[in-house]
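Data first, discussion second: the structure below is written as structure tokens.
The values are calculated or read from the model by the stated rules, or taken from the named source; none is laboratory data. Note that the structure is predicted; figures quoted are calculated from it, not measured. Virtual Cβ from ideal backbone geometry, glycine too; neighbours counted across all protein chains shown.
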Amino acid sequence: MFFKNVVHVVCVVVQKVIMKTATIDDAPILATIHVPAEEKAYAGIVDADYLAGKTIEDYTEKWTGWMSDPDNPVTVAISYEGDTPAGFICWGPLRTPPPGTSKIRPAYPAEIYAIHVHPDFWKQGHGRALMAHAAQEIKAAKQNAFCLWVLEKNQTARGFYDKLEGRRLGKRMIEAGPTQVRELCYGWRDISILI
């Protein structure tokens, strides 16, 4: 047979994803990821003028405020590829419980408030690494479950959460600029599966 002695060699170069806990000083980095990630992910879902009006300067100010609010504590981790910031994840205590759940003894005590990867780094493992990192940190804080909210029409993100075995828990309507959009809640009762 002609192909009998042919050997196929596949070489894949994988950069190591490096995680860093963010501080208020990292607000500009978070903004430079956040703005283009939302522009790309929400195109065709959210009003285009609303998306175009988001600026890195505005989001630097927002991240500074979010990270310094003592009434709403957050933890943020940034993923890097080499020296380049690629994505971030932000989490903390449950703020928006899934429909039908108790606020007194929530089944999901933690919430992922935001996860964004710069479009230049999509589908390179940063999203999965960020979710694993947050799960590990939340588990170290003696919590075993978390939830998050995602735009219903964001099929890319929903596919990602489905692959990570997130369970759909409910939905709600929110305002995104001048547009009413539906969000879905995903939850993980055992976040060990993400680590």
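Residues in the stretch 141-195 that are closer than 18 Å to residue 131 by Cα and of a type in the set (Val, Ile, Thr): 150, 156, 191, 193, 195. The residues listed here are 96, 101; of these, the one that is in contact with a Phe, Trp or Tyr (Cβ under 9 Å, 6 or more places away or on another chain), surrounded by fewer than 16 Cβ atoms within 10 Å (Cβ to Cβ) and of a type in the set (Val, Ile, Thr) is 96. Annotation note: Cβ proximity below 6 Å between a residue of the stretch 67-83 that is farther than 17 Å from residue 126 by Cβ and a residue that is among the aromatic types (Phe, Trp, Tyr) and in a strand (DSSP E or B) (sequence gap 6+ or interchain) occurs for 75/91.
For the stretch 113-146, the set of residues classified as assigned to a strand (DSSP E or B) and within 14 Å of residue 79 (Cβ to Cβ) consists of 114, 115, 116, 117, listed by residue number. Restricting attention to the stretch 175-193, does a residue exist that is part of a loop (DSSP other than H, G, I, E, B), closer than 19 Å to residue 92 by Cα and within 14 Å of the chain's Cα centre (by Cα)? No - not one qualifying residue is present in the stretch 175-193.
May I ask you to list the residues in the stretch 147-174 that are β-branched (Val, Ile, Thr) and in a strand (DSSP E or B)? Matches in the stretch 147-174: 150, 174. Among the residues of the stretch 122-170, the ones that are closer than 11 Å to residue 184 by Cβ, of a type in the set (Lys, Arg) and in contact (Cβ under 8 Å) with a residue 24 or more places away in the chain come to 2 in all.
The set of residues in the stretch 98-120 being in contact with a Ser or Thr (Cβ under 8 Å, 6 or more places away or on another chain) and either modelled with pLDDT of 95 or more or over 12 Å from residue 186 (Cα atoms) (or both) consists of 107, 111, 117, 118.
Each residue in the stretch 20-55 was checked for being assigned to a helix (DSSP H, G or I) and of a type outside the set (Val, Ile, Thr), and 18 pass.
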